[in-house]
Structures are given as C-alpha cells and as structure tokens.
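**Q** Dropping the structure in here first, questions after.
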C-alpha cells in the first residue's frame, strides 16, 4: 500500500494507495488513470459516487462533531484491482491504521477492504446515537427545571446533529448500492454481498436516527404544551384578578367624579359606605368565580 512515501519503481496490478492532491495529479497516469481527473478538496460538498467509463470517483464528508469546526473529507477512485484515496489531512491513513489493528483478514481483496473501510466510518455510530438518545431523555426528565431557554438550545443542537447523520447514512446507502450494482465490473460477483451488508447496516442506523428524531419531536411538543399550559395559567390568573378588582375600580371612578348632586359626598358615613360597598362587591365576585372553578 502506497501512503505518500517513496514512489514505487513499478506499480503492481493490484494496490491501495493514499495520496495528496498534488501527488495524484503527478502520478495518475502511472496509476492507470489516463484521463485528466481534477480533484479539488474545496469542491467536495456531499457524499457521492460517480460512475465513469472504467472507474468510480467518489467523495465522502464525515459527519463532524459539534466541537469540530472544519469538515473531514476525502476523495477516492476505484478501478479493477486498485483503490486510490486522495487525502491531504491524514484522515484515511488513520482509519486504515485503525482497521489493521481491529481486523484480521483471512483473504485480502478489494471488496472486503472496501467493506471494512466503509464499516469503520460508521463503527462507533451506535454508541453515538445511544448518547444522543440519552441527551433527549435527560431533557425530558429536566423539562420543568430548565432556565433561560436552555432546552430549546439543546434541542436545536440535537436535531441538527441528527439531520446531519441522517443525510450521511442516506448518501452512504446510495454509494453502497452503486458499488453493489458493479456497473464497471470492478468487483467479483461472489463478493458483492459485502456492499449489500453495509447498505443494510446504514439503513438500520438511519432508522435509529429517525426513531430518535421522532422521540425528540415528541419531547419538544410536550415541552411546548407545558409552556402553553403555564401561559394559560398566567393569563387565567391575570383575568381573574382583573375581574375581581373591576367593581371597586368602577365604584372608585364613579364616586371620583365629585358631582355636587351626589348625596354620598355630603353624607357623614359616605366614605365608610363606599369602602364597605367595594369590599362586599369584591367578595361577591370572588365567591362567584370560585363557585365556577375559575379560582
């Protein structure tokens, strides 16, 4: 396997190579790619696999963690017996190194290597999805304890992460189906089942993501219902308070006009009368509202 070290004097019929962009542009004819293939990492925007006349050209963007600012992406080309990765950040090299530590192949072949490589890209995703589901469960448990809109911020972060993962799995399923179809006859027919196995794994992971998205949506709707209930209770309290104190306000406004023809103005007990009248009317309103279960 070539990994950007000394250039082989003679390339074997079958090999796996990891090169930088400049190395590939220099060595592509030696690797069996006569066409002038332009590969620019800046132009990698999503996962895809293009089928050309005698080779495949693919690009992969790994779903980044929340704390990673820059996308981890690389390109790859496949011809019969040859796999070339174009990677300028040592992403592929670290994945292959991890594969060699975790796998022991009785039979080394392109199909099994590709299957193991694709599987390694999603190897820890079950734990990742379980962690996200636990985050949603904690939000549900602490729904009434959150402060300053922390629930919405956390939920937006979770749903954004799930959307990225769902899109990643969908595109990886398309890539594995393209490989499975073997349009360019790059793979042996009796080993195509490996790509089907990976497609089924990616479909299960996508199903898990959809389950967590549905769960998070239910939790968010429950949270919104709780907020609506709190707002309704506040509005109810304000309405009841307004209704209870409306009669005294009306009485105060009525007698505050100070017309000279009002007998209560010159009456010795007029002040006490208005106080008692306000208390009685307020009490009657309070009893009526309580009887109707508004309080």
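**Q** Taking residue 219 as the residue in question, decide whether it is under 29 Å from residue 286 (Cβ atoms) and part of a helix (DSSP H, G or I).
**A** Spelling it out, it is not the case that residue 219 is under 29 Å from residue 286 (Cβ atoms) and part of a helix (DSSP H, G or I).
**Q** List the residue pairs whose Cβ atoms are under 8 Å apart, where the first residue sits in the range 60-79 and is more than 20 Å from residue 40 (Cβ to Cβ), the second is at pLDDT 85 or above and part of a loop (DSSP other than H, G, I, E, B), and the two are 6 or more positions apart or on different chains.
**A** 79/55; 79/186
**Q** Another question, if that's okay. Have a look at 208, 154 and point out the one that is surrounded by 18 or more Cβ atoms within 10 Å (Cβ to Cβ) and either touching a residue at least 60 places away in the same chain (Cβ under 8 Å) or touching a helix residue (DSSP H, G or I) at 6+ places or on another chain (Cβ under 7 Å) (or both).
**A** 208
**Q** Could you look through the range 11-43, keep only residues that are within 27 Å of residue 169 (Cβ to Cβ) and surrounded by fewer than 18 Cβ atoms within 10 Å (Cβ to Cβ), and pick out the one that is farthest from the chain's Cα centre (by Cα)?
**A** Taking the candidates together, the pick is 40.
The values are calculated or read from the model by the stated rules, or taken from the named source; none is laboratory data. Note that the structure is predicted; figures quoted are calculated from it, not measured. No Cβ is skipped: glycine too gets one built from the backbone with ideal geometry, and neighbour counts run over all protein chains shown.
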